[in-house]
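The values are calculated or read from the model by the stated rules, or taken from the named source; none is laboratory data. This is a predicted model, so every value here is computed, not measured. A quick note on method: Cβ atoms are made from the backbone with ideal geometry, for glycine too, and the neighbour counts reach across all protein chains shown. Heads up: the accessible areas ignore ligands, DNA and RNA and are worked out on the full protein's heavy atoms, side chains in. Shrake-Rupley method; radii C 1.70, N 1.55, O 1.52, S 1.80 Å.
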There are 2 protein chains.
Amino acid sequence: MIYNAPIKDMLFLVNEWIGLDKVIALPGYEEVDAELFEAILEEADRFSGTELLSINRDGDEHGAKFENGTVTTPPGFKEAYTQFIENGWAGIDADPEHGGQGLPKVLQNLIDEMVGAVNVSFKLYTELSRGAYHLMNHAASDEIREKYLPKMVEGVWSGTMCLTEAHCGTDLGLLNTKAVPAGDGTYKLSGTKIFITSGDHDLTENILHLVIARIEGAPAGTRGISLFLVPKILVNEDGSLGERNAVNTASIEHKMGIRASATCTLNFDDATGYLIGEENRGLAAMFKMMNIERMTVGLQGLGLSEIAYQNARDYAQERTQSKAPAPRPDDSKPADPIIYQPEMQRQLLTIRSQVEGARALSVFTGLHVDIMERSADEAAAADAENTVALLTPVIKAHFSDLGMSSTLSAQQIYGGHGYVREHGMEQLVRDCRIAPIYEGTNEVQAIDLVARKITGKTGEFADRFLASWQEFLREHEDDEKVAAIVGPAAVALECLIDTTRWLREKVQSDDATARGAASQYLRLFALTIIACMWSQIIVSIRDKEGSFYDIKRKLARFYMQQVLPETSALAATIIQGADALADFEVSDLVGQ
Amino acid sequence: MIYNAPIKDMLFLVNEWIGLDKVIALPGYEEVDAELFEAILEEADRFSGTELLSINRDGDEHGAKFENGTVTTPPGFKEAYTQFIENGWAGIDADPEHGGQGLPKVLQNLIDEMVGAVNVSFKLYTELSRGAYHLMNHAASDEIREKYLPKMVEGVWSGTMCLTEAHCGTDLGLLNTKAVPAGDGTYKLSGTKIFITSGDHDLTENILHLVIARIEGAPAGTRGISLFLVPKILVNEDGSLGERNAVNTASIEHKMGIRASATCTLNFDDATGYLIGEENRGLAAMFKMMNIERMTVGLQGLGLSEIAYQNARDYAQERTQSKAPAPRPDDSKPADPIIYQPEMQRQLLTIRSQVEGARALSVFTGLHVDIMERSADEAAAADAENTVALLTPVIKAHFSDLGMSSTLSAQQIYGGHGYVREHGMEQLVRDCRIAPIYEGTNEVQAIDLVARKITGKTGEFADRFLASWQEFLREHEDDEKVAAIVGPAAVALECLIDTTRWLREKVQSDDATARGAASQYLRLFALTIIACMWSQIIVSIRDKEGSFYDIKRKLARFYMQQVLPETSALAATIIQGADALADFEVSDLVGQ
């Protein structure tokens, strides 16, 4: 299996499309320049494509092991992790005051895509730490931040996110884990958390669990949830490691994929915890971390799509089978490489045109995270925050779905050779399959988009957001040089705007219908927004010549003609299909 | 995991929709009646839902083992196989003269669906035998038939289909396996075959390999392929087992799924083979077997969809999480079963409305196999043969794709619990994933449909076939009681007919475009034909009352409003998307 990060495409998007100057203009990024950006991407590519990719297959075969109460990562993971932290990858977007490099999120997104492509399991040991760092940096007291964060940025301590319990995944308001004040400002936590990614492992000296629990006497439901830091090993005043805390690993899961990642059941048995933020406000704080994770889970899907594409493309060049349609590349041969078969090209281009469009959306959103966090212009920062809030569920769900369709399609191109373990294509499918499930299922993302992001105050922003794209497309749809791309995007956007209006009304008047159409709406939204990204890219290179740009134009057109038509069917299904769904009673489904 | 065969639905389709009298009217089926039919289905359900389902999970965990040159099946497989043959399941549709029960194909299809639902690996040990039996019964000499077939029907000998070699899967014309006349009427075969399902195992006393090879001096390509019977153990004149033949198992594959099924690499080293049929006409004969296998592979996808549905539906009833939209089933509870969430209902109904429609297509096609094989009316038999030829690639590809979308969706309903191995949902996905690949990839099926089945002589039949459905739909589209179902089907069929015309013209004028649209066309064809099935069912129960029929009407409407709209997007993509695909040169894909 090979992986070469699409650095040329990445730099094209950053330098030529969004413009690196927009990033550099933000306070704190003054020292970023194109050379630094490129150098980091190249180093990330080297590290991903060699070190991390090389241990991915063995990691799957071997799996994380749980013996005598502790977890061992597969061979090579420790060495790779040591390199990872020594090279500073743990602190790319962390604060310099904690030893971080303070680099832009748009860069972090591109790195996340690479690491997600080559080794999802490895990525999981690092990405939860990054989320935990940002959550603590955002919500914890100065004391806690000073004591814990430098070690996280150094990568010698890692983090987790402890939300799920056996009876509550999506619905955290049902949680049972209890926190009792110990009288000294700390709390004693008791309960069992399941599905805790990197809940235990041998890569770091300490693990900082961020745990949601209910303080004794707190209100029921989500309004009674508080957030705690529960270190695996308690940390002394001087920062040295002290006693083992009362957190124990009960078991790890046997999973379809990401088998090198330890997914733990953790027992908290009067474990010492430190309150993060205010009492009963834990879930709101936790969303800081969840949103980071949601974005990066989407990027796993994007990365896996890219590596699936690269390998299927190469295989299709090597594998000769059947004759190509005329004109054949070489009439003297009994068969041609299957990449000459139009069906293989169609499948490859379906992946690639979506991947490149999705990557543009990743860069676009990364830029808006940077603006949200850094911009001195309050209005711009607020708009950026709304943009990120709107696009986060879209990226999480749509990119992870894209990961599934891409890895399945790439596996299909290998034929029987894709089904055997040897070539690694089937691992990509299995590793990807978790992405539409964890960090809030894609159905939860869809409900978030429909019930929160396109309604109320954020709904007003969503309207402005879509209207600004409409304005952009209208401005260019009569321009002959780009009309073949902008035109279809404009039609799809019109349809999205109409459907948004219809659905928003339903959220008020007929909640069940709105919820039943949420996933289809998210897909309609995502396909259309990516068409907008493609349109803006094509407008930006309108007068540029050369094969690199010609291929971008062809890909954009392919996207519009081969991928985007689904949007009209989605809109029809949402609006006309509502009655057929509403017809059913639960008893109709279960009666049989 | 549970499985209850949908016997009520099956009997409804056979008795009330197609009419069992049509089957009974065929020569040789005089003794079939509704009671017998029902009794066999119930027994198949019992055997599948208990014996075969109970060893499915362990079969996956344990896998087939290869040691010291021989294959061992997982624990329980031998006992289950013994029961299988003792109860006569190996000979359901086999000829009574060989000890078979001579029962209808329409029944066999329903049994295949059940066995495919509960244990694909087990099914594979039996289904290749069935195909080999029919191939030999069709093409072998009387001597061979008398000597080998009774043992196959008894189930003590099994069969395989040896086509694929390392460098040729789809393109069998490239094969290298050689056959040299031994001078005594037999041949010596040498070569290596890969991906041989049930190529070796411990369930039967002998294994009959049906091998394609090139006789020395035969023409290159597909016109020089002959078919041979190569028994694992040579059979003496008196039918007793003799010497071991020179066929050896080199290895078995490590696969994503169907891990209990042994997928073998077989070495033939001057192995004794008996010619089946004429020299150089082996591929045509082999298609007899391949078409049986293609149908039954489709039925695996259908069966897996059904078991996925049943378990996800039950899980959605048990799992409480979040509040349902008003009116809630019980306001006093903190959360409701997730089956009250419209999104869960939508996903479940998307599976079920397709599964029931696909099952109708299976019954319809099964009936036509029976007519083709039995009818005394030559014209009817010829039409039925054309119907089966037209629908075989559709069933293989569309049902296996449906299997993937259904198992993935059902897994999604389980959330994180679907990703761990415990509940078995992830195994359904892995086991299903081979169905779109083996027995000719779904892309090969699509090319078969486009380049062979809708063009030339069979194309004339396809036109008549579609026109007869058009006539049927037109007859009923103004009938208020069924218009909501028949109307959308008629629109989709109109669109299919137009697209068929367009595509057929392309097959002549622009082969590359036709090939590039083949998979999308197959999907358009399948979705539309299933809409025709649903329409005919709904017309047939037009005046019937009761909840069973009401649910069928709701499901049909759901199919039309929630599933069928994709057809318009597919047609648009096929016709308008052709240019975007044609724009690309292979160098555009590989240049980067």
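Quick notes on this structure:
- In order along the range A:244-261, the Karplus-derived 3J(HN,Hα) couplings, from 6.51 cos²θ - 1.76 cosθ + 1.60 at θ = phi - 60°, round to 5, 7, 7, 10, 10, 8, 8, 5, 10, 7, 9, 10, 4, x, 5, 6, 7, 8 Hz, and Gly and Pro are given as x.
- Across the alpha-carbon atoms of the range B:283-388, the computed radius of gyration and Dmax are 21.4, 67 angstrom.
- Solvent-accessible area of B:ARG328, all protein chains in place: 40 Å² (probe radius 1.4 Å, heavy atoms, ligands and nucleic acids excluded).
- Local charge for B:VAL369 was computed over the other residues whose Cβ lies under 10 Å away, with Lys and Arg +1 and Asp and Glu -1, and equals -2.
- Per-residue Karplus couplings for the range B:122-138, computed as 6.51 cos²θ - 1.76 cosθ + 1.60 with θ equal to phi - 60°, are listed in order as 4, 3, 5, 5, 9, 6, 5, 4, 4, x, 5, 4, 5, 4, 5, 4, 7 Hz, Gly and Pro entered as x.
- Computed from Cα atoms, the angle from the helix B:456-476 axis to the main principal axis of chain B rounds to 30 degrees.
- For A:GLU279, the shell of other residues with beta-carbons less than 14 Å away shows a net charge of +2, using +1 for Lys and Arg and -1 for Asp and Glu.
- Distances in nm from A:ILE7 to the matching label points in the other copies, shortest first (labels 7 Å along Cα to Cβ): 6.6
- B from A by rotation - nearest chain A beta carbon to the axis, in Å: A:ALA569, 2
- Here the protein assembly as shown yields Rg over Rh of 0.97, to two decimals, using C-alpha coordinates and the Kirkwood radius.
- Taking amide H atoms as placed 1.01 Å from N in the peptide plane, the amide H of A:ALA262 lies under 5 Å from those of A:SER198, each 5 or more residues away in sequence or on another chain.
- Here r is the Cβ-Cβ distance between B:ILE24 and A:ARG452 and R0 is 56 Å; the resulting FRET efficiency, rounded to 0.05, is 0.40.
- Per-residue SASA remark: A:SER332, around 100 Å² accessible (1.4 Å probe; ligands, DNA and RNA not included).
- Ranked order, A:TRP534, B:TRP502 - accessible area, probe 1.4 Å, largest first: B:TRP502, A:TRP534
- For B:ILE276, the residues whose modelled amide H falls within less than 5 Å of its own, excluding neighbours fewer than 5 places apart on the same chain, are B:LEU227, B:PHE228, B:LEU229.
- DSSP beta bridge pairing in chain B, given as percent antiparallel to the nearest 5: 80
- Taking 7 Å steps out from each Cα toward its Cβ at A:ARG328 and B:ALA250 produces label points 2.7 nm apart.
- For the Cα trace of the range B:481-522, dividing Rg by the Kirkwood Rh returns an Rg/Rh value of 1.18.
- Estimated FRET transfer efficiency (A:ALA467, B:ALA382; beta-carbon r; R0 56 Å; 0.05): 0.35
- Computed over the range B:133-213, Kirkwood Rh from alpha-carbon pairs, angstrom: 14.0
- Angle in degrees between helix B:105-118 and the longest Cα principal axis of chain B, rounded to the nearest 10: 80
- Sorted from greatest to least, the principal axis extents spanned by the alpha carbons of the range A:325-373 come out as 61, 14, 13 Å.
- Within the range B:524-588, the trypsin sites (Lys or Arg not before Pro) that combine a DSSP coil assignment with at most 15 other C-beta atoms in a 10 angstrom radius are B:ARG542, B:LYS544.
- Residues with amide H under 5 Å from that of B:ASP270, placed H, sequence gap 5 or more: B:LEU189, B:SER190, B:GLY191
- Crossing angle, helix A:282-318 versus chain A [Cα axis fit, 0-90 degrees, rounded to tens]: 40
- 222 nm mean residue ellipticity, helices alone, for chain B (DSSP H n ≥ 4; -39,500 (n - 2.57); rounded to 500): -17500 deg cm²/dmol
- Ligands, DNA and RNA aside, B:PHE548 has an accessible area near 40 Å² when probed at 1.4 Å.
- Percentage of interatomic Cα-Cα distances in the range B:7-139 larger than 21 Å: 47
- Residues within the reach of a label modelled at A:GLN576 (point 7 angstrom out along Cα to beta-carbon, backbone nitrogen below 14 Å), restricted to the range B:494-534, are B:494-496.
- Cβ-vector label at 7 Å, B:SER468, separations to other copies in nm: 6.0
- Accessible-area order (highest first, 1.4 angstrom probe) of the listed residues B:ARG145, B:ARG352: B:ARG145, B:ARG352
- Paramagnetic label zone (point 7 Å from Cα along Cα-to-C-beta, A:GLU237; backbone N under 18 Å) in the range A:131-162: A:143-148
- The Stokes-Einstein estimate for chain B, based on a Kirkwood radius over Cα pairs and taken at 10 °C with 1.306 mPa s viscosity, is a diffusion coefficient of 63 µm²/s.
- Across all directions, the average flat footprint of the convex hull enclosing the Cα atoms of the range B:158-281 is 7.8 nm².
- Label points for B:GLU422 are taken 7 Å from Cα along Cα→Cβ. From this copy to the others they lie 3.6 nm apart, shortest first.
- Under the Karplus curve 6.51 cos²θ - 1.76 cosθ + 1.60, θ = phi - 60°, whole-Hz ³J(HN,Hα) for the range B:404-410, x wherever Gly or Pro sits: 5, 5, 6, 5, 5, 5, 5
- The residues B:GLU253, B:GLU86, A:GLU43, sorted by heavy-atom accessible surface at 1.4 Å with ligands and nucleic acids left out, run B:GLU86, A:GLU43, B:GLU253 from largest to smallest.
- Cα→Cβ-extended label distance, 7 Å offset, between A:THR82 and A:VAL180, nm: 4.3
- Accessible surface buried once A binds B (1.4 Å probe; total of both sides; Å²): 8100
- Per-pair calculated FRET efficiency, R0 = 22 Å: A:PHE548 and A:GLU35 via Cβ, rounded to 0.05: 0.60
- Bridge orientation summary for the protein assembly as shown: considering DSSP beta bridges with both residues in this region, about 80 percent are antiparallel.
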